[in-house]
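Below: one structure, written as structure tokens.
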Amino acid sequence: MTISPHSNVRAALVQAAIAWLLAGCAAVPPYQPPRIPEVTGFTAGATPTATTRADGPLGNAQQVVDGTVDAQWWRALRSPALDALVEDALRASPTLAAARAALAQSRELHAAQAGSTQLPQVDLGLGAQRQQISPAAQGLPGDTREFSLYSASVGVRYRFDFGGGIDSGLQALGARADIRQHELAAARHALAANLATAAITRARLSAQIDAQTAILHAQEELVRLAEVRTRLGQAAPDEVSALTAQAELTRAGLPQMHRQMQQAEHLLAVLAGRPPAQGVPAFTLAEFSLPDRLPVSVPSEWARRRPDILAAEAGLRAAHAELGVTFARQYPQLNLSASLGSQALTTSALFGGAAAVWNVVGQLSQPLFNAGLPAERRAAQAALEVATANYQRVVLDALRNVADALRAVEHDAQALAALARSVQAAEAQHRVAQRQYRAGAASPVQLLVADQLLLQARSGLVAAQAQRLVDTVALSAALAGDPVAHGQADAQATVSLRALEVQP
């Protein structure tokens with residue numbers, strides 16, 4: 001049997017093309033999710049399983065237990081007014097509205113790209129044109145003729161992407177949508193944390209204003225007594241001046257505290273999506289409770305649920321897929337298109353008795369020289385390195401965030417216990433001064449000084465109580481996750497992205 005030389009050439013070309021395409025596909029590694037932090041705890045050294053207990057309100061000991069933070073963690077503060085305000089904010093906040101719109105945009109962009117690349121595109125075409133033909137131009141006899149030509153057609157086109165660029169592009173868009181999903185979850189927790197912190201700040205300032213006002217009244221009484229003693233010759237005028245200066249300094253601090261409280265109220269209103277003039281509840285420390293249990297999961301489980309880490313991981317997937325898109329551009333692309341229609345001289349004959357017109361076009365293109373492709377590939381590789389470094393930074397910052405909150409909760413409890421003992425000592429000293437005053441062994445000035453010291457100690461205690469609430473909020477927000485987003489991230493992490501490794 002004689003083998004044609006042309007057959008040998010065709011067979012060699014086919015084998016070379018198959019080997020070429022297979023080599024391109026073999027160079028596409030699956031996406032590998034980043035490694036979860038291999039640490040057993042958030043802080044250096046052991047974290048106490050229980051905080052110090054203090055006497056008085058918000059002084060209960062908190063147990064650190066193994067578990068995950070509830071999605072609505074702010075309800076553990078047991079403030080119905082705060083719960084209602086957070087629910088209003090989750091519905092009306094423009095920040096969340098913008099995040100939801102960005103998520104919807106990303107999803108629709110992914111759907112649009114998928115619809116236009118994964119399925120054939122079918123178009124309906126209608127046309128009308130006026131033509132003039134001169135037989136003389138072709139060397140034929142006859143007069144110039146003018147006529148109308150109408151056409152109708154249906155066209156189908158589809159692109160085959162041998163390098164996987166279409167799939168990689170869709171995976172990149174899907175990862176970008178995941179970023180928006182996780183950013184929305186993070187925005188919800190940040191909004192709730194900001195609301196809770198602002199409400200606690202408002203409550204703290206209200207209590208401190210009351211304490212500062214009481215201190216001012218005590219100082220004004222000291223000034224009055226000093227003026228009486230001065231008139232009786234029992235005190236120098238300098239004593240009145242010193243006490244007056246102290247009282248006026250305290251008075252000057254009150255407008256500043258009122259301003260801060262009103263700013264906290266304005267912030268609460270805006271966070272809730274309402275104008276400041278609409279007002280917010282008058283929060284007080286008495287309506288908040290400190291949760292007895294602080295659920296803390298191990299870092300490896302927590303990292304799979306924290307929204308900002310999931311968003312950074314999605315950014316890593318997007319960069320990996322976009323690298324695959326740049327590699328796919330060096331492989332051949334096949335575009336197929338076909339159309340079927342009719343042409344007629346009148347519209348009435350267009351769909352009956354008209355001439356049928358059809359065409360089938362196949363186009364295979366292969367880049368041979370494009371000086372920009374290597375630079376695009378290097379840029380995509382650099383973007384992947386940026387995403388990798390960004391993921392590491394986000395994980396480290398998140399670990400520090402939790403570690404800081406854990407230590408803050410621990411030390412807040414210790415500080416509150418010490419301040420509670422300080423208040424108890426000031427109260428005991430005040431009782432002694434009262435007994436001495438009633439017995440005639442202490443002057444009114446000594447009693448008023450004892451009153452002032454007690455009020456200052458109570459003001460410090462209020463600040464410590466509020467700080468303990470604030471840091472508990474910070475810990476809950478730092479440990480909170482989004483179960484829905486977590487499930488989506490797990491599903492995405494199992495998908496193999498068709499991206500290529502950069503060869504040195």
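The values are calculated or read from the model by the stated rules, or taken from the named source; none is laboratory data. Treat the numbers as computed from the prediction; the structure is a model and nothing was measured. Every residue, glycine among them, receives a Cβ derived from its backbone with ideal geometry; neighbour counts consider all protein chains shown. Surface areas here come from the heavy atoms of the whole protein model, side chains and all, with no ligands, DNA or RNA. Shrake-Rupley method; radii C 1.70, N 1.55, O 1.52, S 1.80 Å.
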(request) Could you please give the count of residues in the range 322-338 that are in a helix (DSSP H, G or I) and open to solvent by 20 Å² or more (accessible area, probe 1.4 Å)? (result) 2
(message) Please go through the range 92-106 and give me each residue that is more than 17 Å from Asp308 (Cα to Cα), open to solvent by 20 Å² or more (accessible area, probe 1.4 Å) and under 17 Å from the mean Cα position of the chain (by Cα), ordered by number.
(response) Pro94, Ala97, Ala98, Ala101, Ala104, Gln105
(message) So for the range 364-373 (the condition being in contact with a strand residue (DSSP E or B) (Cβ under 8 Å, 6 or more places away or on another chain), of a type in the set (A, V, I, L, M) and open to solvent by 80 Å² or more (accessible area, probe 1.4 Å)), does at least one residue qualify?
(response) yes
(message) What's the number of the only condition in (1) touching a residue at least 60 places away in the same chain (Cβ under 8 Å); (2) of a type in the set (D, E, K, R); (3) within 20 Å of Asp308 (Cβ to Cβ) that Arg407 fails to meet?
(response) (3)
(message) Restricting to the range 272-329, give me the number of residues that are touching a Pro at 6+ places or on another chain (Cβ under 9 Å) and charged (D, E, K, R).
(response) 5
(message) Condition first: open to solvent by 20 Å² or more (accessible area, probe 1.4 Å), closer than 30 Å to Gly481 by Cβ and out of contact with any strand residue (DSSP E or B) (no Cβ under 7 Å at 6 or more places or on another chain). Can you find one or more residues in the range 158-167 that meet it?
(response) yes
(request) Restricting attention to the range 230-257, report how many residues are open to solvent by 80 Å² or more (accessible area, probe 1.4 Å) and in a helix (DSSP H, G or I). (result) 8
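To keep it simple, each residue is scored yes or no on (1) within 27 Å of Asn60 (Cα to Cα); (2) among the aromatic types (Phe, Trp, Tyr); (3) at pLDDT 85 or above; (4) open to solvent by 40 Å² or more (accessible area, probe 1.4 Å).
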| position | (1), (2), (3), (4) |
| --- | --- |
| Asp412 | yes, no, yes, no |
| Leu419 | yes, no, yes, yes |
| Ala442 | no, no, no, no |
| Arg468 | yes, no, yes, no |
| Ser476 | yes, no, yes, no |
| Leu479 | yes, no, yes, no |
(message) Looking at the range 132-157 only, could you name the residues that are open to solvent by 50 Å² or more (accessible area, probe 1.4 Å), on the phi < 0 side of the Ramachandran plot and outside any helix (DSSP H, G or I)?
(response) Gln132, Ile133, Leu140, Pro141, Asp143, Thr144, Arg145, Glu146, Tyr150, Val154, Val156, Arg157
(request) Would you mention how many residues in the range 19-49 are open to solvent by 40 Å² or more (accessible area, probe 1.4 Å) and either within 33 Å of the chain's Cα centre (by Cα) or modelled with pLDDT under 50 (or both)? (result) 21
(message) For the range 259-274, check the following and say yes or no: at least one residue is more than 27 Å from Ala413 (Cβ to Cβ), in a helix (DSSP H, G or I) and open to solvent by less than 40 Å² (accessible area, probe 1.4 Å).
(response) yes
(request) Give the residues of the range 191-212 that are closer than 18 Å to Arg91 by Cβ and within 19 Å of the chain's Cα centre (by Cα), sorted by residue number. (result) Leu191, Ala192, Ala193, Asn194, Leu195, Ala196
(message) For the range 193-243, which positions are closer than 30 Å to Gln465 by Cβ and of a type in the set (Val, Ile, Thr)?
(response) Thr197, Ile200, Thr201, Ile209, Thr213, Ile215
(request) Kindly provide the set of residues from the range 69-80 that are open to solvent by 30 Å² or more (accessible area, probe 1.4 Å) and out of contact with any Pro (no Cβ under 6 Å at 6 or more places or on another chain), ordered by number. (result) Asp70, Ala71, Gln72, Arg75, Arg78, Pro80
(request) Please state which of the following conditions Arg400 fails to meet, knowing it meets all the rest: (1) under 30 Å from Asp123 (Cα atoms); (2) without any contact (Cβ under 8 Å) to a residue 24 or more places away in the chain; (3) open to solvent by 60 Å² or more (accessible area, probe 1.4 Å). (result) (1)
(message) Name the residue that is nearest to Arg157 (Cα to Cα), counting only residues in the range 339-351 that are open to solvent by less than 40 Å² (accessible area, probe 1.4 Å) and not hydroxyl-bearing (Ser, Thr, Tyr).
(response) Gly341
(message) Being at pLDDT 90 or above, surrounded by fewer than 18 Cβ atoms within 10 Å (Cβ to Cβ) and among the hydrophobic types (A, V, I, L, M, F, W, C) is the requirement here; does Ala314 meet it?
(response) no
